[in-house]
Amino acid sequence: MGRNLADVEYKMRMTQDLKEKIVTSAKEHNRSMNADIVARLEESFEKDDAAEFDKGFVLQVIESQQDQINQLQKMIQDLMTQLRGSKE
């Protein structure tokens, strides 16, 4: 990760256990601890964005299915009305 003039420094505290996990992950991904932390943070926000997209998509599908259900219910009611009318 190259240094960018827009980069902001931020000191943080963490447990020794967490630091060791980050060191291990950074080595596995062949990057610095800082790059590993930044990558993990960015990934967490991407997951949040994806979850919001999924939520919106699911709501659209539900609305569409509810519309279809309503149309089918109306068709059934209309058919029942026609059947009752033809019996009389």
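Structure data summary
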{"quantity": "Cα-Cα pairs of segment 12-51 separated by more than 12 Å (percent)", "calculated": "61 percent"}
{"quantity": "Per DSSP, loop chymotrypsin sites (Phe, Trp or Tyr not before Pro) in segment 5-88 with at most 15 further Cβ within 10 Å", "calculated": "Tyr10"}
{"quantity": "Dipole of segment 1-78, positive end: most advanced residue of Val61, Ile22, Ala39 [Cβ charges, Cα centre]", "calculated": "Ile22"}
{"quantity": "Residue-averaged 222 nm ellipticity for the chain, from DSSP H runs of 4+ at -39500 (n - 2.57), nearest 500", "calculated": "-28000 deg cm²/dmol"}
{"quantity": "Kirkwood-type radius of segment 1-69, with distances r between different C-alpha atoms, in Å", "calculated": "15.2 Å"}
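Where a number appears in this text, it was derived from the coordinates with a stated rule and is not lab data. As the structure is a computational prediction, the values presented were derived from the model and not from experiment. We place every Cβ from the backbone using ideal geometry, glycine too, and count neighbours over all the protein chains shown.
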